[in-house]
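Novice: Pasting a structure here, questions to come.
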Amino acid sequence: MYPYSDKTKKMINLIGSGDAAYIPKAITCAIKALDTIAANEQLDDTTREDAAFAAANLVLSDYNDND
């Protein structure tokens, strides 16, 4: 398993236990979150570029959240 941050591990546990909502369209959720990070001018440029790069790759991938 990828060594996720403590915040991500905590959220995995919360979703897994039912204490936080599970989002069936997770890729769309991720794209929106990454785009929000990319647009946040209070963050450093490297973080924003990394988020924009990840979001763009997901958008251009062959994902399908329409089911």
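Novice: Within region 6-26, count every residue that is surrounded by fewer than 10 Cβ atoms within 10 Å (Cβ to Cβ), in a helix (DSSP H, G or I) and among the hydrophobic types (A, V, I, L, M, F, W, C).
Specialist: Total satisfying the criteria: 0.
Novice: Could you check region 48-63 and list, in sequence order, the residues that are touching a residue at least 12 places away in the same chain (Cβ under 8 Å) and among the aliphatic types (A, V, I, L, M)?
Specialist: Residues satisfying the conditions are Ala51, Ala52, Ala54, Ala55, Leu58, Val59.
Novice: Taking only pairs six or more apart or across chains, which ones have beta-carbon atoms under 7 Å, a first residue in region 5-26 that is free of Cβ contacts under 8 Å to residues at least 40 places away in the same chain and more than 25 Å from Asn64 (Cα to Cα), and a second residue that is surrounded by 10 or more Cβ atoms within 10 Å (Cβ to Cβ) and of a type outside the set (D, E, K, R)?
Specialist: Between residues of region 5-26 that are free of Cβ contacts under 8 Å to residues at least 40 places away in the same chain and more than 25 Å from Asn64 (Cα to Cα) and residues that are surrounded by 10 or more Cβ atoms within 10 Å (Cβ to Cβ) and of a type outside the set (D, E, K, R), the close pairs are Leu14/Ala20.
Novice: Okay, moving on. Of the residues that sit in region 27-48 and are charged (D, E, K, R) and closer than 24 Å to Tyr63 by Cα, which one is farthest from the chain's Cα centre (by Cα)?
Specialist: Initially, region 27-48 is screened for residues charged (D, E, K, R), giving 32, 35, 41, 44-45, 48.
Among the residues that remain, those that are also closer than 24 Å to Tyr63 by Cα are: 32, 35, 48.
Details: Lys32: 7, Asp35: 9, Arg48: 13 Å.
Among those residues, the one meeting the criterion is Arg48.
Novice: Can you name the residue in region 27-60 that is of a type in the set (Asp, Glu) and in contact with a helix residue (DSSP H, G or I) (Cβ under 9 Å, 6 or more places away or on another chain) and, of all such residues, is surrounded by the most Cβ atoms within 10 Å (Cβ to Cβ)?
Specialist: Per the stated criteria, the residue is Asp35.
Novice: Tyr63: surrounded by 11 or more Cβ atoms within 10 Å (Cβ to Cβ) and part of a loop (DSSP other than H, G, I, E, B), yes or no? Explain how you work it out, then say what you get.
Specialist: Values: surrounded by 11 or more Cβ atoms within 10 Å (Cβ to Cβ): yes; part of a loop (DSSP other than H, G, I, E, B): yes.
Against the criterion (surrounded by 11 or more Cβ atoms within 10 Å (Cβ to Cβ) and part of a loop (DSSP other than H, G, I, E, B)), Tyr63 qualifies.
Every number here is computed from the coordinates shown, using simple stated rules; none is lab data. Please read all numbers here as calculations on a predicted model, not as lab measurements. So basically every Cβ, Gly included, is an ideal-geometry build from the backbone, and we count neighbours across all protein chains shown.
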